[in-house]
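Enquirer: Have a look at this one before I ask anything.
The values are calculated or read from the model by the stated rules, or taken from the named source; none is laboratory data. Remember, predicted model here, so these are calculated numbers, not experimental data. Here the Cβ positions follow ideal geometry from the backbone for every residue, glycine too, while neighbour counts run over all protein chains shown. Only protein heavy atoms, including side chains, enter the accessible area calculation; ligands, DNA and RNA are left aside. Shrake-Rupley method; radii C 1.70, N 1.55, O 1.52, S 1.80 Å.
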Amino acid sequence: MESLYLLIPLSVLIAGIIGVLFWWAGRDGQFDDLEGPGHRILHDDDTPPQDPS
Amino acid sequence: MRAMSAQSCFHCGEKVAPADLDPPRYPVSYRQQVQATCCAGCQAVAQTILAAGLDSYYTQRDKPAERAAPLPDELLQQMQLYDAPELQASFVKAEPGEVREAALILEGISCAACIWLNERQIGRLPGVLAVSINYTSHRARVRWDNRRVQLSQILAAVAAIGYRAHPYDAERQDALHQQERRRALTRLWVAGLSMMQVMMLAYPVYVAEPGEISATWLGLLNWGSLLLTLPVVLYACQTFHQGFWRDLRRRRVGMDAPVVIGVWAAFLASCLATMTGRGEVYFDSVSMFVFLLLGGRYLEGMARRKAGAAAESLVKLIPAFAHRLDNYPASRQSQETPVASLKLADILLVKPGEPYPADAEVLEGQGSADEALLTGEARPVVKTVGDAVIGGAINLDAPLIVRVSHLGQETRLAAIVRLLDQALAEKPALAQLADRIAGWFVLALLLVAAAAYLFWHWHDPAHALPITVAVLVISCPCALSLATPAALTAATGRLARAGLLVTRGHALETLAKVSDVVFDKTGTLTFGQPRLLATLAFDTQRETELQALAALLEAASEHPIALALRTASAPAELAVSDYRNYPGGGVEAAVGGQCLRLGRPDFVAEFCAAPQPAALADWQAEHTVVCLASEQAWLGAFALGDQIKPDAQALLAALPGLRTHVLSGDALGPVQAVAQQLGIAELRAAALPADKLAYVQALQAEGRRVLMVGDGINDAPVLAAADVSVAVGGGAEAAQAAGDLVLVGNLAVLAEGWRVAAQTQRIIRQNLLWALGYNLVALPLALVGWVTPWLASLGMAGSSLLVVLNAIRLAGPSRQVQKQRE
């Protein structure tokens, strides 16, 4: 049972870290376009890139 | 080689004129086959795309592209202007080492393949460092090296594949919206995460027998819950705090009051219990409560923002550049100037067909303006020296020299946009009623809670706080306030997926009560793209000559009939002058020194001295007939036919019990033919925009509720006047702005919209009844102390959840509908 002394604060800490991660992801614009990436992956480009220069 | 699979344009899918087909006049070579395109613009675009090795665009797209107009030189000249550093200052971010970054808004995007195509095309340019396009907002972020590539080259590259890119000022409202959305999402997430974690810590207390968990562990669990709930109360609840404070200052009690009081009372009571080690904790109730409320608000906000797109299209009416006359009247040399840097009293030249860049006064010239969108007046308004013109209205027939009188936020257009924003923010009547009831309810609730506290404080002080908190939590009217928005959000989302966008709050409510449906014919029930069916020559001229003349006269018009005549034949190579457009009638111009009129027979008869030929009387009565005449003689007539959309039949079959009408500016014959084929009883032909308006208003005077379905600019006033209106997408932007709903899918979706609207009303009523009933039953139970706070929060959350689940039934069968459409 004593392990709870460690586990409960740990769970609170992890929740806090997840919260900060999410806040950072949101601020970074990760959730601005929720549709595009799903489509973009289907338009995979098979042709090798042409070097234009 | 006969490789053409159909007679539609390889690029844009529009019909290719038969004359341009065999052999193709504008051929492109795609995978070793010759394909026909409809015009030089589409040909150039398709060739550019194929030459760049981006041919998989044509296999991956699911909608044809927009018809590509060849780029006028002026536009290229305007693009060059964007390279000037002083102009770039407003929208380009300069980084060290000549690296620049800008936001562009793309026009013409219709599917995911378009996004792919544009990203490739921009990315191919040497010197472009990064490009990404947002699928939902059609905005592109581009980073480039200014030493190797110029912004104008990037814009030109986009134009070369048939799209338009405009630099876009990120300082505008969108940035604000985006920040708001991000913040709302973060709040929701914080509440959700905390809810899950607190529930984990609260679970042991729920399942254990009283006294089974020792005080040490209980304290640890409670302290953990307290820490996890702290960000919910301090951060996630900010919106409620702000609302509560706003209401307080206006001396009102709103929906936020019981939320704030309940959250703080429960939170403080729990903190007290945690610190003293006595009493119940309600941290789980607090975080769950806040999460559910925030979730509802977030969804509601998303739906409202989608609707806001219509208002944005109005802002785009103002062009980016104006022709400024710096040395007027000494010189007529015009200077391309960005509208943003115009000043009051600047002198501008406005060419025919261009929108006025700002509110202004006419100094020179005489012409007419199309102000349908801004004033509701559908017919052109004559403008002479001294008259005021409205920014955003379109200068129709003659170049005008004007002096700027109002700019930016001072203009009429800006005022209209503000009005539209207001209309969008307005709540449906039912939601208003719920809010009003909830306001009183909240006040009564606070009084009852206070009375309960006092009563129990006298009789049983130990139970006073838990009972008061239970009363506050259990009877919080959040189910009541969620009832309407949840149902509307679910219905709006489902219809949006099916292709019907709801842009006004009241639209679904009114749609359910409609008794009459009025359709515009052209472009709504029919494809709106008539084809030339037959030509009748009165004179000695050959039919092809007549067609060439007609194509020449219609060369500048965007009317569907003009397009049909244009695609039927190459225009005659004669000089045209004194061109005049009579909306609702036809066009007039001097061709090779002879004044000609082309248009409706009665319009031409007004002008031609000769009597109407007898051959015209019964000729092609079921089709639209357009005549060509000079002042002395009738030259010929053209019959133009339009096809009924196949989904129109399905729609009318699915609208039982509603009276249907059809209105059209066309002659009786074609309107009757369409009405008969579709089984529409009431019809009105040869109706001018004002007649349509009168017709709808007459119906309304009889006490009928009218749904108007239309697509043209001339329909905009009628759409605005009807009880509820549907603008058929792809139509004029003005009509879209005036419609309460915008239809982007096929017509049959409208029938589903009608069914969903009725279902939504039913569900809203069920929700309101449930929420009220629940509160009436639960309140007495809490008052007598039979309900502990955790049970209360369970009841509250359960009640809200039930309301939301009931609403979600509306969103249910959307997947099936989508599959059917595919």
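Enquirer: On the given criteria, is residue B:604 in contact with a helix residue (DSSP H, G or I) (Cβ under 8 Å, 6 or more places away or on another chain), open to solvent by less than 50 Å² (accessible area, probe 1.4 Å) and closer than 28 Å to residue B:577 by Cβ?
Expert: Values: in contact with a helix residue (DSSP H, G or I) (Cβ under 8 Å, 6 or more places away or on another chain): no; open to solvent by less than 50 Å² (accessible area, probe 1.4 Å): yes; closer than 28 Å to residue B:577 by Cβ: yes.
Answer is no for this residue.
Enquirer: Among (1) in a helix (DSSP H, G or I); (2) open to solvent by 20 Å² or more (accessible area, probe 1.4 Å), which single condition is residue B:523 missing?
Expert: Residue B:523 satisfies all of (1) in a helix (DSSP H, G or I); (2) open to solvent by 20 Å² or more (accessible area, probe 1.4 Å) except (2).
Enquirer: Which of the numbered conditions does residue B:693 fail, given that it passes all the others? Conditions: (1) touching a Gly at 6+ places or on another chain (Cβ under 9 Å); (2) surrounded by fewer than 19 Cβ atoms within 10 Å (Cβ to Cβ).
Expert: All conditions are met except number (2).
Enquirer: Return the pairs, sorted by first residue and then second, in which the second residue is open to solvent by less than 10 Å² (accessible area, probe 1.4 Å) and of a type in the set (Gly, Ala, Ser), the first residue lies in the range B:34-55 and is in contact (Cβ under 8 Å) with a residue 60 or more places away in the chain, the beta carbons are less than 6 Å apart, and the residues are 6+ apart or on different chains.
Expert: Listed by first residue and then by second, the contacts come to B:41/B:68; B:42/B:68; B:45/B:68.
Enquirer: Of the residues B:157, B:191, which is modelled with pLDDT of 85 or more, over 30 Å from residue B:227 (Cβ atoms) and in a helix (DSSP H, G or I)?
Expert: After ruling out the rest, the residue left standing is B:157.
Enquirer: When you scan the range A:26-37, do you find a residue that is over 22 Å from the mean Cα position of the chain (by Cα), modelled with pLDDT of 75 or more and assigned to a helix (DSSP H, G or I), even just one? Please lay out each step first, then the result.
Expert: First, pick out the residues of the range A:26-37 that are over 22 Å from the mean Cα position of the chain (by Cα): none.
No, there is no match, as no residue in the range A:26-37 is over 22 Å from the mean Cα position of the chain (by Cα), modelled with pLDDT of 75 or more and assigned to a helix (DSSP H, G or I).
Enquirer: Moving to a separate point now. Look through the range B:388-404, keep the residues that are modelled with pLDDT of 85 or more and over 22 Å from residue B:579 (Cα atoms), and return whichever of them is surrounded by the most Cβ atoms within 10 Å (Cβ to Cβ).
Expert: B:404
Enquirer: Quick test for you: out of B:377, B:354, pick the one residue that is within 23 Å of residue B:727 (Cβ to Cβ), open to solvent by 30 Å² or more (accessible area, probe 1.4 Å) and either out of contact with any strand residue (DSSP E or B) (no Cβ under 8 Å at 6 or more places or on another chain) or at pLDDT below 85 (or both).
Expert: Step by step, each of B:377, B:354 is checked, and only B:377 is within 23 Å of residue B:727 (Cβ to Cβ), open to solvent by 30 Å² or more (accessible area, probe 1.4 Å) and either out of contact with any strand residue (DSSP E or B) (no Cβ under 8 Å at 6 or more places or on another chain) or at pLDDT below 85 (or both).
Enquirer: Say whether the condition of being surrounded by 17 or more Cβ atoms within 10 Å (Cβ to Cβ), of a type outside the set (D, E, K, R) and within 14 Å of chain A (Cβ to nearest Cβ) is met by at least one residue in the range B:158-175.
Expert: No.
Enquirer: Shifting gears a bit: Where the second residue is open to solvent by less than 60 Å² (accessible area, probe 1.4 Å) and the first is more than 8 Å from chain B (Cβ to nearest Cβ) and lies in the range A:1-25, which pairs have Cβ atoms under 9 Å and are six or more apart or on separate chains?
Expert: The qualifying pairs are A:14/B:197; A:16/B:228; A:16/B:231; A:25/A:31.
Enquirer: Restricting attention to the range B:226-279, report how many residues are open to solvent by 60 Å² or more (accessible area, probe 1.4 Å), at negative phi and charged (D, E, K, R).
Expert: 5
Enquirer: Would you pick out the residues in the range B:444-476 that are polar (S, T, N, Q) and in a helix (DSSP H, G or I)?
Expert: Within the range B:444-476, B:468 is the sole residue that qualifies.
Enquirer: I would also like to ask the following. Can residue B:589 be described as open to solvent by 20 Å² or more (accessible area, probe 1.4 Å) and more than 31 Å from the chain's Cα centre (by Cα)? Write out each step before concluding.
Expert: Values: open to solvent by 20 Å² or more (accessible area, probe 1.4 Å): no; more than 31 Å from the chain's Cα centre (by Cα): yes.
So residue B:589 does not fit the description; no.
Enquirer: What number of residues within the range B:4-46 are among the aromatic types (Phe, Trp, Tyr) and within 19 Å of residue B:63 (Cα to Cα)?
Expert: 2
Enquirer: For residue B:37, only one of the following conditions fails: (1) open to solvent by less than 40 Å² (accessible area, probe 1.4 Å); (2) at pLDDT below 80. What is its number?
Expert: (2) is the only condition that residue B:37 fails.
Enquirer: Among the residues of the range B:206-221, write down those that are more than 10 Å from chain A (Cβ to nearest Cβ) and not β-branched (Val, Ile, Thr).
Expert: Across the range B:206-221, the qualifying residues are B:206, B:208, B:209, B:210, B:211, B:212, B:215, B:218, B:219.
Enquirer: Given B:203, B:235, which one is within 13 Å of chain A (Cβ to nearest Cβ) and touching a residue at least 12 places away in the same chain (Cβ under 8 Å)?
Expert: B:235
Enquirer: Filter the range B:450-497 down to residues that are among the aliphatic types (A, V, I, L, M) and surrounded by fewer than 24 Cβ atoms within 10 Å (Cβ to Cβ), then give me how many there are.
Expert: Looking only at that region, the number is 8.
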